[in-house]
Each structure stands twice: as C-alpha cells, then as structure tokens.
Amino acid sequence: MLAALSAITMTACTPQLKVTTDYDRKADFSKYKTFSLYVPEEKNETISQLNRSRIESAVKAEMVKKGLQEANTDPDVLVNVVTVIKNEKQVMANTNYYGYGGYYRPYGWGGGMGSGYTTYNVADYKDGSLIIEVIDADTKSLVWEGIGNQEIDKPMENPDQQIQGIVAKILAGFPPGKTATK
C-alpha cells in the first residue's frame, strides 16, 4: 500500500492530485461536533502500517482543525479511510509518414509513392486513490466523501509531510459550504 500512497504523492513533474467530493445535500453538518475513526473488522490493507498510521494521524489533525473533537465513545460521525491501488496500462500510438506525396506541376498532377508506419508504446503505471468517508454515526449513512486520485511513479521523499498535504487537500471541502482552514 506504500505504493498506493506513493502513487498519490508525486513530484512536480508528475500529474497533480485530482480531488473530487460529494455529499448528502440533506445532511445537517452543523450538528456534527465529534468524530472517531472507523476501524473495519476485516482489514484489506494495500498500504504499509506506517503509512496507515500517517494517514490516520493526518485525518485526525484535519478534523480537529475543522472544529471537531475526537471522541472515544458516541461520536457524531465516523471517518473511514480506504486506499486503492490499481495497475494500469496506457497505450499511445504514433504514426509516421515518409516518402513522396503528390504535388502540382504546371503540366499536371505528379504523384509518388509513400509509406508510413505506426509505433505503439505501452506504459505500465499504478493508479492510487485515497478515499475519506464521513458517516453519520446514528443513521450509519454516508454524508460526505472525498477522493484523491493520482498516478504513482515512485516512492515518497517525505511521507509525513506529503501524506498530510494529500489529506488536507481531500478534506478541504469538508464540511460543505465552509472555506478550508489552514
């Protein structure tokens, strides 16, 4: 799963983190004052425990910045963190033409023979997603979701700082209607 997070945390020469969010328009986000991290009974880990801990710490810090308090019992919302890494392929075709083409001359149309070739380049890469879900603890319904997606090409240089930045970007839209806090 280190690779999944590494995929999300790219250097400046790689694609930027794409963040999408969605939420329940009927949810009253002003009533949420406390949170707890949701820990599923069955973990299907795709990242290392170190990175899992970094993500959880970053999520807790961002939720506190947004005015929520961590609660060990009876939280208003549960925060679920999911990481997904997929192996992907990108195929690029490049067609090259060379030779002689037709041309116009004063005495008529002159033609020629030409030929071309197409090359195909296949690039393997990892596509990583970090999904942060906020669930109403009473109704057990999803009220907000943020997804950060990025192509992964190499390990993180500073995982503590990069993971914090990724989580902050994903949670920038939580709760809906409020500007991001720094």
> If you check Leu171 against the conditions, is it modelled with pLDDT of 90 or more, of a type in the set (A, V, I, L, M, F, W, C) and not in a helix (DSSP H, G or I)?
Replying inline: no
>> Please return the ranges of strands (runs of 3 or more DSSP E) entirely within the range 65-146 where 2 or more residues are modelled with pLDDT of 95 or more.
In response: 77-99, 114-136
> Does the range 35-44 include one or more residues that are modelled with pLDDT under 95, assigned to a loop (DSSP other than H, G, I, E, B) and either in contact with a His (Cβ under 7 Å, 6 or more places away or on another chain) or over 23 Å from Lys140 (Cβ atoms) (or both)?
Replying inline: no
> Limited to the range 36-71, what total is found for residues that are closer than 14 Å to Glu133 by Cβ and either among the small types (Gly, Ala, Ser) or free of Cβ contacts under 8 Å to residues at least 60 places away in the same chain (or both)?
Replying inline: 5
>> Can you say whether Ala180 is among the aliphatic types (A, V, I, L, M), in contact with a helix residue (DSSP H, G or I) (Cβ under 9 Å, 6 or more places away or on another chain), within 23 Å of Ser30 (Cβ to Cβ) and modelled with pLDDT under 65, as far as the supplied structure shows?
In response: yes
> Can you pull out the residues in the range 21-70 that are aliphatic (A, V, I, L, M) and surrounded by 19 or more Cβ atoms within 10 Å (Cβ to Cβ)?
Replying inline: Ala27, Ile47, Ile55, Ala58, Val59, Met63, Leu68
>> Restricting to the range 138-171, count the residues that are buried (at least 19 other Cβ atoms within 10 Å of the Cβ), closer than 20 Å to Lys66 by Cβ and not charged (D, E, K, R).
In response: 9
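The values are calculated or read from the model by the stated rules, or taken from the named source; none is laboratory data. Here the structure is a predicted model, which means the values were calculated and not measured. Methodologically, a virtual Cβ is constructed for each residue, glycine included, from the backbone with ideal geometry; neighbour enumeration extends over all protein chains shown.
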